[in-house]
Amino acid sequence: MKRIIFTTAWVAAAFSLSFGATEAQLPDPGMTIDSRTALVITDPQNDFLSPEGVTWGVVGQSVTENNTVQNLETLLQTAKSVGMEVFISPHYYYPTDHGWQFEGALEALMHKIGMFDRAGPTDLHGFVGSGADWLARYKPYIEDGETIVTSPHKVFGPEQNDLALQLRKRGIDRVILAGMSGNLCVESHMRELLEMGFEVAVVTDATASAILPGLDGNAAAQTNFRFIANATWTTAEAVEKMGAYSEAQ
């Protein structure tokens, strides 16, 4: 019986021959916007997007370079103007969450710096203006009585909150996804929604990620968005597609 040895070079060559090794040869399935499409934004909160937020020292560069704050507002404004439903998947930690007995690296850091901390699930004392609150410029869109705010996710993905339920109950099976942070909550939401049968288009400049010495979260996220999502759009592309759908109605 012959023994087959797969070397790194052999695998790379096979991939190149079968699928193409350049960006131009990677399929771009795309996603059609229709009445079953919604905008989903993760963590549009002060701790990520405000210079006073506890993570600004590591995400600020990416947020600034991507123009994330303005791009998220543009998506919210456009979705509202064309009548598209908007869902927010927030990140909150309550005092009882600090009793967890084990955590991943970023979970441990978030708890250490008090990220997204709230007084309790039914207690809004000290919430307004806190790191867990929405960025002020987004409040008119989120607090308009129409935006669906889900229960909080606790680690990175939507597995433990009711986002999928809320989407399904409203007949949504296509998602335009944006928010914070790219290589954590946005990527985790993308992966889980795809696994559950949703189509997902990620708006790549309406997100941002931590950048640390030797660790570029934004580059990692952008790579995975392109490899995994049904579509990757800039904010300008997303707005154009949303507008075109509205005009066709």
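Going by average Cβ neighbours within 10 Å, how do the peptides 168-175, 54-61, 228-235, 29-36 rank, with the highest at the top?
228-235, 54-61, 168-175, 29-36
Cβ neighbours within 10 Å, averaged per peptide: list 44-50, 96-102 in order, most packed at the top.
Averaged packing, sorted descending, gives the order 44-50, 96-102.
Does a label point 7 Å from the Cα of Gln70, set along Cα-to-beta-carbon, have any residues of region 212-249 with amide nitrogen under 15 Å, and which are they?
So the set is 235-237.
So for each of 128-140, 66-78 I average, over its residues, the number of other beta carbons within 10 Å; can you give me the resulting order with the highest mean first? Can you show the working numbers first?
Numbers: 128-140: 16.4, 66-78: 20.5.
So the order, starting with the most tightly packed, is 66-78, 128-140.
Applying 1/(1 + (r/R0)^6) with R0 = 30 Å to the Cβ-Cβ distance of Ser81 and Glu52, what FRET efficiency is obtained, to the nearest 0.05?
0.50
Compute the semi-axes of the equivalent ellipsoid of the chain, taking the square root of 5 times each eigenvalue of the Cα gyration tensor, and list them largest first in whole Å.
31, 25, 17
I want the antiparallel fraction of DSSP beta bridges within the chain, as a percent rounded to 5.
15
Return the calculated 222 nm mean residue ellipticity for the chain, to the nearest 500 deg cm²/dmol, obtained by summing -39500 (n - 2.57) across DSSP H runs with n ≥ 4 and dividing by the residue count.
The per-residue figure over the chain is -11000 deg cm²/dmol.
Taking the simple approach of a point 7 Å from Cα along Cα-to-Cβ for both Thr96 and Gln61, what is their distance in nm?
4.0
Residues of region 154-196 with the amide nitrogen closer than 19 Å to a label point 7 Å from the Cα of Thr234, along Cα-to-Cβ, please.
So the set is 177-179.
Once the cut-off is 25 Å, how many percent of the Cα-Cα pairs in region 102-217 end up in the long-distance tail?
Roughly 28 percent, rounded to a whole number.
Hey, what do the phi angles of region 117-126 turn into as Karplus ³J(HN,Hα) couplings, whole Hz, using 6.51/-1.76/1.60 and θ = phi - 60°, x for Gly and Pro?
Ordered by residue, 3J(HN,Hα) equals 5, 10, 5, x, x, 10, 10, 9, 4, x Hz.
Starting at the first residue of region 198-214, write each ³J(HN,Hα) from the Karplus equation 6.51 cos²θ - 1.76 cosθ + 1.60 with θ = phi - 60°, in whole Hz, x for Gly and Pro.
Each residue of region 198-214 in turn: 7, 8, 9, 10, 9, 8, 6, 9, 10, 8, 6, 9, 5, 10, 10, x, x Hz.
If we count every other residue with Cβ under 13 angstrom of Ala244's Cβ, Lys/Arg +1 and Asp/Glu -1, where does the sum land?
Values: positive: Lys241; negative: Asp34, Glu237, Glu240, Glu247.
Residues close to Ala244 contribute a combined charge of -3.
Cross-chain or 8 or more residues apart, Cα under 25 Å: how many lysine pairs in region 75-228 fit that? Count them up, please.
Pairs that pass both the separation and distance tests number 6.
For His125, put the label point 7 Å out on the Cα→Cβ axis and report which residues of region 75-111 keep their amide N under 16 Å from it.
Label zone hits: 94-96.
Return the long-range amide H neighbours of Glu85 (sequence gap of 5 or more, or a different chain), with a cut-off of under 5 Å between placed amide H atoms.
Leu39
So what are the radius of gyration and Dmax for the Cα set of region 194-244, in Å?
12.7, 42
Take the alpha carbon atoms of region 59-138, find their radius of gyration, then divide it by 2.2 N^0.38 Å using N residues; give the quotient.
Values: Rg = 15.5 Å, N = 80, 2.2 N^0.38 = 11.6 Å.
Expressed relative to 2.2 N^0.38 Å, the Cα Rg reads 1.33.
FYI, it's all coordinate maths here, none of it is from the lab. Bear in mind that the values here come from a model prediction, so they are computed numbers and not experimental data. Ideal geometry is used to build each Cβ from the backbone, glycine not excepted, and the neighbour counts take in all protein chains shown.
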